[in-house]
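Engineer: One structure, pasted below without further comment.
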Amino acid sequence: METTPGRGAPEPKRTVDVASLKALAHPLRVEILDTISRLGPQTSGTLAELLGESTGATSYHLRQLARHDFLREVEGRGSARERWWDRPKGSLQIVTRELADNPATSEAAHLVSREFEHHRAAALADFMERGWLEEPSDWSDSAMVSTTNVRLTAAQLADVSARLEAYAEELLAPYRGQGDAEGLRPVQIHINAFPLAVGRHAAAAPHPPQEKP
C-alpha cells in the first residue's frame, strides 16, 4: 500500500519498518495521517473538529505519528499552544507482503490496510452519492469515475501498474507545489478523479477505546 501527499516534488519512497507500522496501527492514527495527506497541514484543534475527537486525543496521536516520522511540525507556523503538522514530502510504502506475512506484524498490517481502504472507499462513496449533484458544475463535469476490465498475466499487470504510476507522476508533476493558490482544492485520484468533500467530511464510526502503546 502506498500513499503520497499531493504537494511538492516527489521524493524517494520510504518503506515503513516494523516499529513504525506497529505505531501506526491505531484507527485514529490512520485517520489523522489520511486526513493530513488529503487536506494538508492541521492542528490538534482542527483535527478534533474534523474527526469528532477531543484535542487531547488528537494531540497525543499527532506526537506519536511525528515520533515515527509520519508527520513533521510545520516550521514558522503556529505557536507553542497551536502547532501545525504536515506530511513529509515523498511517498510511503506502508504495507508490504513481508510485513503482512510476518506473524509479528500481520495484525498491524491488516488493520492499517483496512483503515486506509475504509477511508478511500468512503470518500468515493460520498462523491458518488452527493458530489455529482451537489458540487458546482465546473467541478462535477471535470471529475471522472472509471472502471476498465481486462484479462492480463501477472507480468502484464506489473507492467501496467508501473507504467500507470510513472505516468501519474509525470502528469501531476507540473501541478505539485502550488501552495495555497486561489481556486485550489484537494483532489484524490485512483483512476477515479474527483474533488474531496472538505465541507462535509464524513464522520467515521466511533473508535473503540484502546490502550496507548
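The values are calculated or read from the model by the stated rules, or taken from the named source; none is laboratory data. Nothing here was measured: the structure is a model prediction, and the numbers come from that model. Methodologically, a virtual Cβ is constructed for each residue, glycine included, from the backbone with ideal geometry; neighbour enumeration extends over all protein chains shown. Ligands, DNA and RNA are stripped out before the accessible areas are found, and what is left, the full protein with its side chains, is counted by its heavy atoms. Shrake-Rupley method; radii C 1.70, N 1.55, O 1.52, S 1.80 Å.
Engineer: For segment 66-118, what does the alpha-carbon gyration tensor say about shape, rounded, prolate or oblate, given a ≥ b ≥ c as the root eigenvalues, a/c under 1.5 as rounded, and a/b over b/c as prolate?
Structural biologist: Judged from the Cα gyration tensor, segment 66-118 comes out prolate (a/c at least 1.5, a/b above b/c).
Engineer: Put a dot 7 Å past each Cα toward the Cβ at V74 and V18; how far apart are the dots in nm?
Structural biologist: With each label point 7 Å from Cα toward Cβ, the separation is 3.7 nm.
Engineer: Leaving out ligands, DNA and RNA, what percent of the accessible area of segment 13-72 is carbon and sulfur, probe 1.4 Å?
Structural biologist: Ligands and nucleic acids excluded, carbon and sulfur reach 45 percent.
Engineer: Mind grabbing the accessible area of H68 for me, 1.4 Å probe, Å², rounded to tens?
Structural biologist: 40
Engineer: While we're looking at this one, here's another question. Roughly how much of K13 is accessible, in Å² to the nearest 10, using a 1.4 Å probe?
Structural biologist: 100
Engineer: Could you sort W84, W132, W139 by their accessible area in this structure, using a 1.4 Å probe and putting the largest first?
Structural biologist: The most accessible residue leads, giving W132, W139, W84.
Engineer: Find out how many positive minus negative residues lie around V16, taking Lys and Arg as positive, Asp and Glu as negative, among other residues whose Cβ is under 10 Å from that of V16.
Structural biologist: Details: positive: R14, K22; negative: D17, D69.
Spelling it out: positives minus negatives among the neighbours equals 0.
Engineer: Pick from L124, L157, L172: which is most flexible by mean-square fluctuation in a GNM of the chain where alpha carbon atoms under 10 Å apart are linked?
Structural biologist: Top of the fluctuation ranking is L157.
Engineer: Which helices pass in the chain if a helix is a full DSSP H run, must span at least 24 angstrom along its long axis by Cα, and must have mean Kyte-Doolittle hydropathy not below -0.5?
Structural biologist: The answer, listed by residue number, is 106-126, 154-172.
Engineer: What's the extension gain from H118 to W132 if we count 0.36 nm per residue and subtract their Cα-Cα distance?
Structural biologist: Going from the current span to full extension adds 3.0 nm.
Engineer: Cα-based Rg (one decimal) and Dmax (whole number) for segment 93-157, in Å?
Structural biologist: Rg and Dmax of segment 93-157, Cα atoms, are 17.3, 49 Å.
Engineer: Another question, then. Counting only protein heavy atoms and a 1.4 Å probe, tell me what percentage of segment 116-165's accessible area is made up of carbon and sulfur.
Structural biologist: 55
Engineer: Can you give the accessible area of Y175, probe radius 1.4 Å, in Å² rounded to 10?
Structural biologist: Counting only protein heavy atoms, the figure is 140 Å².
Engineer: Write down the accessible area per residue of the chain in Å², having rolled a 1.4 Å probe over the full set of protein chains.
Structural biologist: Solvent-accessible surface per residue comes out at 61 Å².
Engineer: Enumerate by residue number the trypsin sites (Lys or Arg not before Pro) in segment 146-177 meeting two conditions: DSSP loop (anything except H, G, I, E, B), and at most 11 other Cβ atoms within 10 Å of the site's Cβ.
Structural biologist: Filter output for segment 146-177: R151.
Engineer: Then there's this: Gaussian network model of the chain, Cα springs within a sub-10 Å range: biggest mean-square fluctuation belongs to which of T35, T153, T96?
Structural biologist: T153
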